[in-house]
Amino acid sequence: MKLTLTIWRQKDPGAKGKFVRYPMDNVNPEMSMLECLDVLNESLAERGEEPVAFEHDCREGICGSCGFMISGVAHGPLPATTVCQLTMRHFKDGEELVLEPWRSRSFPFVKDLVVDRRAFDRIIQAGGYVSVSTGNAPDGNAIPVGKEEADRAMDAAACIGCGACVAACPNGSAALFTGAKIAHLGILPQGQPERDRRAVRMVAQMHAEGFGSCTNIGECTGVCPKEIPLEVIARMNHDYLYGAWRERRQVVTTIAPATDWEFGKK
Amino acid sequence: MSTAVASPRENRAPGFWGSTNGRKAVMAVTGFILFLFVIGHLLGNLQVFDGPVRLNAYGRFLHNLGELLWIVRGILILCVVLHIWATFVLWRRNRDARPIGYQVKKSVASSYADRTMYWSGPIVLAFVIFHLLEFTSGTIHPESRFIPGDVYHNVVAGFSVWWVSAWYIFALILLGMHLRHGLWSMFQSLGLNHPRHTPVLKQAALWIAILITAGYISIPVSVLAGWVR
Ligand code: HEM
Ligand code: SF4
Ligand code: FES
């Protein structure tokens, strides 16, 4: 099949970027979006041009490395699918696709379709530890967990940290990601001892990173490859409101978002 | 991107009033109180259909509340101020969160009412100011004389002007859209979401918003149609 890819090309954060059109004549409909870019990159390399930079690792939809906007929708038009799992047969022959990187102040630009998502790592880091006994592996049934709780925690834990929620949100909010991280431990009995503190700290870090505020419109869930439900955002609000009250005497500090690129040193 | 860079600098975290989540809770609580007012005000206004005696008696009753009236007004003003404060600080933050916009951006999951909260709110504010100047203080009362105390006359005379009615109807449709999203969103902001109840709540929010809008709009429509004279 034929496709035209219009891709955002920008060498580095300091350079001026622009969209470049790449017509492709021989796209195999069974290829994934990333394989399609691989094919394009091979032909670019043959012509001596700079290949398009994009992030990828597992290519099976579980690591959260990949992701960019395809014609205005994060991870493309197919619901619950990362770009590495999105096969080209879902597009029409002759379609024109616009590929853009995630746009967020909190995700500093790196190159072409790559942005720096370490803000997410710092939010997870701010959550701190979970009290577990060390030593031998605990008995599997030592702590009973109800089926419904286990399912809800598992649903939240499915988040792969891809950043599509932030990219799709008109407010650039990271509420779905942070909510998923707060919920997946907060629902389980093992997560109870640090539940208040974890919520307060992760929310504080999310704030320090400069993400926008949630307006509960659900664009994030709509594009999330793991279909994380909006419920986790309510969960975050709940745990934060209780936690902020009960931990009111604690001094909470955040990790300063120090992004090397931002300060001009590599 | 698995390595987190922790800089040695640590900064103090925002507290309840500083965090986006705390501000949304403020918005939800104040929005809820304003919603209660909207309901009460509608029930009071609908007495226009009972004729001038009832409506004017109701107006007198409110004015005779004395201190209580000012307490209620004070609470409402405080709610409006806090609601707008939260709107403003969050709007600024959200605008800054995406300095470079997208060339192409599509919405996949949200409705028009969801996405236009930051439009419907301020327009409702402009409307409320106009509305107070028209029916409470009587400063603006186009094409007729404002008679303090004769609520019925003021309503009929006010709404007989077509553009006053049109502006009123337009603003109330926006209020309805504001409530269609706000009435379920406030539960979410306060941390209440339930896999079974929330879909019901969303449906209820739609119907409550429609009923409120229809109830308010029935008044100017009846005046223009000549049913209320
Ligand atoms: C009678 C007047 C009003 C009522 C009953 C009302 C009610 C509400 C409710 C219940 C919410 C949901 C809160 C939440 O999501 O947590 C809300 C949100 C909001 N209100 Fe109002 N409101 C009114 C007037 C205003 C005014 C005058 C403004 C602006 C100047 C405004 C701006 C907003 C905005 C921007 C939101 C969006 C919050 C969000 O989704 O993040 N509202 N309102
Ligand atoms: S919540 Fe969904 S969209 Fe957001 S980072 Fe996690 S997996 Fe990606
Ligand atoms: S490359 Fe791992 S999720 Fe796409």
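The values are calculated or read from the model by the stated rules, or taken from the named source; none is laboratory data. Predicted model, so just to flag it, every value in this text is computed and none were measured. All Cβ positions, even for glycine, are placed from backbone atoms using ideal geometry, and neighbour counts span all protein chains on display. Surface accessibility is based on the protein's heavy atoms, side chains included, excluding ligands, DNA and RNA. Shrake-Rupley method; radii C 1.70, N 1.55, O 1.52, S 1.80 Å.
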Only unsatisfied item for B:Glu67, checking (1) within 23 Å of the chain's Cα centre (by Cα); (2) surrounded by fewer than 12 Cβ atoms within 10 Å (Cβ to Cβ), is (1)
If the requirement is being closer than 29 Å to B:Gly18 by Cα and not β-branched (Val, Ile, Thr), which of these qualifies: B:Trp162, B:Trp119, B:Trp167, B:Trp70? B:Trp119
Filter the stretch A:78-93 for residues that are farther than 15 Å from A:Met31 by Cβ and open to solvent by 50 Å² or more (accessible area, probe 1.4 Å) and give the result. A:Pro79, A:Lys92
Out of A:Leu40, A:Leu5, report the one residue that is assigned to a strand (DSSP E or B) and crowded, with 17+ Cβ neighbours inside 10 Å. A:Leu5
The stretch A:103-136, residues that are in a loop (DSSP other than H, G, I, E, B) and either open to solvent by 50 Å² or more (accessible area, probe 1.4 Å) or more than 27 Å from A:Gly17 (Cα to Cα) (or both): A:Arg105, A:Gly128, A:Tyr129, A:Val130, A:Ser131, A:Val132, A:Ser133, A:Thr134, A:Gly135, A:Asn136
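Each row is one residue, and each column tells you yes or no for (1) open to solvent by 30 Å² or more (accessible area, probe 1.4 Å); (2) at pLDDT below 95.
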{"site": "B:Val128", "(1), (2)": "yes, no"}
{"site": "B:Pro142", "(1), (2)": "no, yes"}
{"site": "B:Asp150", "(1), (2)": "yes, yes"}
{"site": "B:Val161", "(1), (2)": "no, yes"}
{"site": "B:Gly182", "(1), (2)": "no, no"}
Taking the stretch A:219-229 only, how many residues are at the interface with another protein chain (Cβ under 7 Å from one of its Cβ atoms) and either open to solvent by 10 Å² or more (accessible area, probe 1.4 Å) or within 16 Å of ligand 3 (Cβ to nearest atom) (or both)? 3
Boolean, A:His75 is open to solvent by 10 Å² or more (accessible area, probe 1.4 Å) and either in the same structural domain as A:Ser32 (by TED's automatic domain parsing) or away from ligand 1 (no atom under 16 Å from the Cβ) (or both): no
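May I ask you to verify whether B:Thr116 is open to solvent by less than 90 Å² (accessible area, probe 1.4 Å), within 16 Å of ligand 1 (Cβ to nearest atom) and modelled with pLDDT under 95?
yes
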Within the bounds of the stretch A:242-253, is there any residue that is more than 21 Å from B:Asn94 (Cα to Cα), in contact (Cβ under 8 Å) with a residue 60 or more places away in the chain and away from ligand 3 (no atom under 16 Å from the Cβ)? no
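With open to solvent by 20 Å² or more (accessible area, probe 1.4 Å) and within 11 Å of chain B (Cβ to nearest Cβ) as the only criterion, which of A:Cys58, A:Cys63 stands out? Steps first, please.
Details: A:Cys58 fails: within 11 Å of chain B (Cβ to nearest Cβ).
Sole residue among the options that is open to solvent by 20 Å² or more (accessible area, probe 1.4 Å) and within 11 Å of chain B (Cβ to nearest Cβ): A:Cys63.
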Could you list all residues from the stretch A:199-213 that are open to solvent by less than 10 Å² (accessible area, probe 1.4 Å), facing chain B (nearest Cβ under 7 Å) and part of a helix (DSSP H, G or I)? A:Val203, A:Ala204
Answer yes if at least one residue in the stretch A:126-135 is within 14 Å of ligand 2 (Cβ to nearest atom) and within 13 Å of another protein chain (Cβ to nearest Cβ), and no otherwise. no
The residue that is nearest to the chain's Cα centre (by Cα), considering only those in the stretch B:202-229 that are in contact (Cβ under 8 Å) with a residue 60 or more places away in the chain and open to solvent by 50 Å² or more (accessible area, probe 1.4 Å), is B:Leu224
